[in-house]
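Trainee: Below you'll find the structure I mean.
The values are calculated or read from the model by the stated rules, or taken from the named source; none is laboratory data. Bear in mind the structure is a predicted one, so any value in this text is a computation, not a measurement. Methodologically, a virtual Cβ is constructed for each residue, glycine included, from the backbone with ideal geometry; neighbour enumeration extends over all protein chains shown. Only protein heavy atoms, including side chains, enter the accessible area calculation; ligands, DNA and RNA are left aside. Shrake-Rupley method; radii C 1.70, N 1.55, O 1.52, S 1.80 Å.
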Amino acid sequence: VQLQASGGGSVQAGGSLRISCVGYGRTFSDYAVGWFRQAPGKERELVAAVSWGGGSADYADSVKGRFTISRDNAKNTVYLQMNNLKPEDTAAYYCQARPTMGDLLRGKTLDAWGQGTQVTVSS
């Protein structure tokens, strides 16, 4: 399944953004989806993951209580609502689909990544 992330932008600290990940392919709802981010000079990290049906979600400690991942399989879309943004959230955000949440949490990701969407938070 191919994914396209969008919705990034520039906000001030404390602000909010919602980014979207649209999947292309009839089997999108069969996959768990994770949001990852990569800041300049840093490794890519998993921010949040959601199960294929949306019933389970997991978050990095750094974003717990501020970010919410959700999905609408009828629209082949996964969202990441980001509230109370901090300058350290500045990064390029990417999404990837894997068969299970376990794959995402264990770092079993594909080598190919989409274009991503840039989020910039100013202090």
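Trainee: What lysines sit close enough to Lys64 to cross-link, taking a C-alpha to C-alpha distance under 19 Å and skipping anything fewer than 8 places away on the same chain?
Mentor: Lys86
Trainee: Tally Lys and Arg at +1 and Asp and Glu at -1 over the other residues with C-beta under 15 Å from the C-beta of Gly25: what net charge comes out? Mind dumping the intermediate values first?
Mentor: Details: positive: Arg26, Arg71, Lys75, Arg98; negative: Asp30.
Its environment carries a net charge of +3.
Trainee: What part of the accessible area of the range 1-86, given as a whole %, is carbon or sulfur when the probe is 1.4 angstrom?
Mentor: The computed percentage sits at 43.
Trainee: Let's test this: bin the Cα-Cα distances of the range 1-44 at 5 Å from zero up to the farthest pair and state each bin's percent.
Mentor: 5, 16, 20, 21, 20, 10, 7, 1
Trainee: So what's the projected area for the chain, the Cα convex hull averaged over all directions, in nm²?
Mentor: For the chain, the mean projected area of the Cα convex hull comes to 6.8 nm².
Trainee: Separate question: Once the cut-off is 16 Å, how many percent of the Cα-Cα pairs in the range 76-122 end up in the long-distance tail? Please list the in-between numbers first.
Mentor: Numbers: 572 of 1081 pairs.
Tail of P(r) above 16 Å: 53 percent of Cα pairs.
Trainee: List the lysines whose Cα lies under 19 Å from the Cα of Lys108, skipping any in the same chain that are fewer than 8 positions away.
Mentor: The qualifying lysines are Lys42.
Trainee: I've got another one for you. List every residue whose amide H lies under 5 Å from the amide H of Tyr31, counting only residues 5 or more places away in sequence or on a different chain, with H placed 1.01 Å from N in the peptide plane.
Mentor: Counting only residues 5 or more places away or on other chains, the set is empty.
Trainee: With Cβ to Cβ distances under 14 Å as the rule, what net charge do the other residues near Thr100 carry (K, R +1; D, E -1)?
Mentor: Local net charge: 0.
Trainee: Follow-up. Pairs of alpha-carbon atoms within less than 8 angstrom and 6+ residues apart define the contacts here; what relative contact order does the chain have, in percent?
Mentor: 36 percent
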